[in-house]
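The values are calculated or read from the model by the stated rules, or taken from the named source; none is laboratory data. No experiment lies behind these values; they were computed from the predicted model shown. Methodologically, a virtual Cβ is constructed for each residue, glycine included, from the backbone with ideal geometry; neighbour enumeration extends over all protein chains shown.
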């Protein structure tokens, strides 16, 4: 009788712990492509069947252990099943980010919270079925709204401005910090069929996005270090647990200690400086070095001056081989954007160096009057937009006319709330003529 009970519960566990159940539960998540977990399900299923067949020959102590594992497996699988059925999203992993998360960032310059909605976007909740004219905004941290809460990023500000003008409209933030045009093209291709926009705005940062296409190309990227089997297993296990219970366990508000993490990174970076990097580092203003070493400045911002100090000088030169390479890459990405959605607008977002605004980060920032007068990037961007038959919005002249303080964080360099407001206001004035009359009357 006891053997029948053991067999029943082991068999019940195997209803969940088999390759078919694994496929059904995790096929739309990155977990399904982790070989170690795939192998684990095959092993558990095979050993379970073998245990049932040999149950009469297994010692009682081992049977109890098998029973405990079976019960644990059943409970965990029920949680995973409830997690999968509760998901309210197009893809379990989210469209861009992990859904329903909240992270708090704080430095001496800014204090903001990043929240993602149930679709995995840094945006307020909205229905997939649209009832209004819908605009999607793609871009990097300038679109994502680094340094401010999402309602103060330019996409949200744009929605507020257009609605105040009488338009029945919604603007959705699809930005992600640290991305570049290759990523924008990929996300547009992925998200347009799901979100069905009426207009797409792509925020491409002056000079920086052009440079990143060169720097991030596999030809120039250093080879990635080989991963150890142990690290692969740890990473796979964390991912498996995350996608098994992420929808039924509320994500706890996470306080990110930016200062402490940045302090550690700064200390490590300084310890590895070459002689030339040490020389360059000592030319940084004292205030910048204090912020950097105190964890109040993103360590990545120091990289460009120490290792690539002439970065924007190079990519402001249309005849430089690196710039020509990047132009070809951007042209390819723009073609993908245009093919994915015809009504795509190229928005040239302003960088302080090209508009003369005060940012004190490294000596290259001091040269902004030169770049403001000798700006070649804008002509590159405009030519690429015209070549790909994309509408083009440029904010350079508008920001050149503004006061030179208050629109960008002095040390971080990203726009402030005031800066994002100005970007949104100008874009609104440019796209109003492109919006159909019906968007004023509902949709």
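Results for (1) assigned to a loop (DSSP other than H, G, I, E, B); (2) in contact (Cβ under 8 Å) with a residue 24 or more places away in the chain; (3) closer than 20 Å to residue 413 by Cβ, shown as yes or no for each residue.
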site: 137; (1), (2), (3): no, yes, no
site: 146; (1), (2), (3): yes, yes, yes
site: 157; (1), (2), (3): no, yes, yes
site: 166; (1), (2), (3): yes, yes, no
site: 182; (1), (2), (3): no, yes, no
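Does the stretch 194-204 hold any residues that are surrounded by fewer than 24 Cβ atoms within 10 Å (Cβ to Cβ) and not in a loop (DSSP other than H, G, I, E, B), and which are they? Please lay out each step first, then the result.
Here is the first cut: in the stretch 194-204, the residues surrounded by fewer than 24 Cβ atoms within 10 Å (Cβ to Cβ) are 194-199.
Across the stretch 194-204, the qualifying residues are 194, 195, 199.
Based on this model, can you work out whether residue 66 counts as touching a helix residue (DSSP H, G or I) at 6+ places or on another chain (Cβ under 9 Å) and in a loop (DSSP other than H, G, I, E, B)?
Working: touching a helix residue (DSSP H, G or I) at 6+ places or on another chain (Cβ under 9 Å): yes; in a loop (DSSP other than H, G, I, E, B): no.
So residue 66 fails the test.
How many residues are under 11 Å from residue 420 (Cβ atoms), crowded, with 21+ Cβ neighbours inside 10 Å and modelled with pLDDT of 95 or more if we restrict to the stretch 147-169? Before the answer, list the steps.
First, the residues of the stretch 147-169 that are under 11 Å from residue 420 (Cβ atoms): 147-158.
So of that shortlist, the ones also crowded, with 21+ Cβ neighbours inside 10 Å come out as 147-148, 150, 153-158.
Checking which are modelled with pLDDT of 95 or more leaves us with 148, 150, 153-158.
Qualifying residue count for the region: 8.
Checking residue 282 against (1) closer than 24 Å to residue 350 by Cβ; (2) exposed (fewer than 13 other Cβ atoms within 10 Å of the Cβ): exactly one of these is not met. Which one?
Just one mismatch for residue 282, condition (1).
Taking helices (runs of 4 or more DSSP H) that fall entirely within the stretch 351-426, which contain at least 2 residues that are under 24 Å from residue 330 (Cα atoms)?
Numbers: elements: 352-355, 363-366, 368-373, 377-387, 396-401.
Those helices (runs of 4 or more DSSP H) span 352-355, 368-373, 377-387, 396-401.
Based on what the data block shows, is residue 21 at pLDDT 85 or above, surrounded by 11 or more Cβ atoms within 10 Å (Cβ to Cβ), assigned to a helix (DSSP H, G or I) and within 38 Å of the chain's Cα centre (by Cα)? Break it down stepwise before answering.
On the way: at pLDDT 85 or above: yes; surrounded by 11 or more Cβ atoms within 10 Å (Cβ to Cβ): yes; assigned to a helix (DSSP H, G or I): yes; within 38 Å of the chain's Cα centre (by Cα): yes.
Taking the combined requirement at face value, the residue satisfies it.
Condition first: under 26 Å from the mean Cα position of the chain (by Cα), over 25 Å from residue 183 (Cα atoms) and assigned by TED's automatic domain parsing to the domain that holds residue 185. Can you find one or more residues in the stretch 331-343 that meet it?
First, pick out the residues of the stretch 331-343 that are under 26 Å from the mean Cα position of the chain (by Cα): 331-343.
If we keep only those that are over 25 Å from residue 183 (Cα atoms) as well, we get none.
For the stretch 331-343, residues under 26 Å from the mean Cα position of the chain (by Cα), over 25 Å from residue 183 (Cα atoms) and assigned by TED's automatic domain parsing to the domain that holds residue 185: absent.
Taking the condition crowded, with 16+ Cβ neighbours inside 10 Å and either touching a strand residue (DSSP E or B) at 6+ places or on another chain (Cβ under 6 Å) or assigned by TED's automatic domain parsing to the domain that holds residue 138 (or both), does residue 371 pass? It would help to see each step written out before you state the result.
Working: crowded, with 16+ Cβ neighbours inside 10 Å: yes; either touching a strand residue (DSSP E or B) at 6+ places or on another chain (Cβ under 6 Å) or assigned by TED's automatic domain parsing to the domain that holds residue 138 (or both): yes.
When the stated conditions are applied, residue 371 passes them.
Test residue 380 against the criterion of being touching a helix residue (DSSP H, G or I) at 6+ places or on another chain (Cβ under 7 Å) and over 22 Å from residue 183 (Cα atoms), and give yes or no. Give the derivation first.
On the way: touching a helix residue (DSSP H, G or I) at 6+ places or on another chain (Cβ under 7 Å): yes; over 22 Å from residue 183 (Cα atoms): no.
Spelling it out, it is not the case that residue 380 is touching a helix residue (DSSP H, G or I) at 6+ places or on another chain (Cβ under 7 Å) and over 22 Å from residue 183 (Cα atoms).
Counting only residues that are closer than 18 Å to residue 412 by Cβ, in a helix (DSSP H, G or I) and in contact with a helix residue (DSSP H, G or I) (Cβ under 6 Å, 6 or more places away or on another chain), which one in the stretch 274-301 is modelled with the lowest pLDDT? Steps first, please.
The first filter runs over the stretch 274-301 and keeps only residues closer than 18 Å to residue 412 by Cβ, leaving 284-301.
Keeping just the survivors that are in a helix (DSSP H, G or I) gives 286-293, 299-301.
Then drop every residue that is not in contact with a helix residue (DSSP H, G or I) (Cβ under 6 Å, 6 or more places away or on another chain), which leaves 292-293, 299.
Details: 292: 82, 293: 85, 299: 73.
Applying the filter and picking the extreme gives 299.
Can you name every residue in the stretch 24-53 that is in contact with a helix residue (DSSP H, G or I) (Cβ under 7 Å, 6 or more places away or on another chain), assigned to a helix (DSSP H, G or I) and under 19 Å from residue 78 (Cβ atoms)?
Those that are in contact with a helix residue (DSSP H, G or I) (Cβ under 7 Å, 6 or more places away or on another chain), assigned to a helix (DSSP H, G or I) and under 19 Å from residue 78 (Cβ atoms): 25, 26, 31, 37, 41, 45, 48.
Give me a count of the residues in the stretch 72-98 that are modelled with pLDDT of 85 or more and not in a helix (DSSP H, G or I).
Residues flagged as modelled with pLDDT of 85 or more and not in a helix (DSSP H, G or I) within the stretch 72-98 amount to 3.
May I ask you to verify whether residue 334 is at pLDDT below 95, in a helix (DSSP H, G or I) and on the phi < 0 side of the Ramachandran plot? First the steps, then the outcome.
Working: at pLDDT below 95: no; in a helix (DSSP H, G or I): yes; on the phi < 0 side of the Ramachandran plot: yes.
No.
Would you mind stating whether residue 392 is in contact with a strand residue (DSSP E or B) (Cβ under 9 Å, 6 or more places away or on another chain) and modelled with pLDDT of 95 or more? Before the answer, list the steps.
Working: in contact with a strand residue (DSSP E or B) (Cβ under 9 Å, 6 or more places away or on another chain): yes; modelled with pLDDT of 95 or more: yes.
Against the criterion (in contact with a strand residue (DSSP E or B) (Cβ under 9 Å, 6 or more places away or on another chain) and modelled with pLDDT of 95 or more), residue 392 qualifies.
Table: residues versus (1) at pLDDT 90 or above; (2) surrounded by fewer than 17 Cβ atoms within 10 Å (Cβ to Cβ).
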site	(1), (2)
1	no, yes
25	no, no
33	no, yes
45	yes, no
56	no, yes
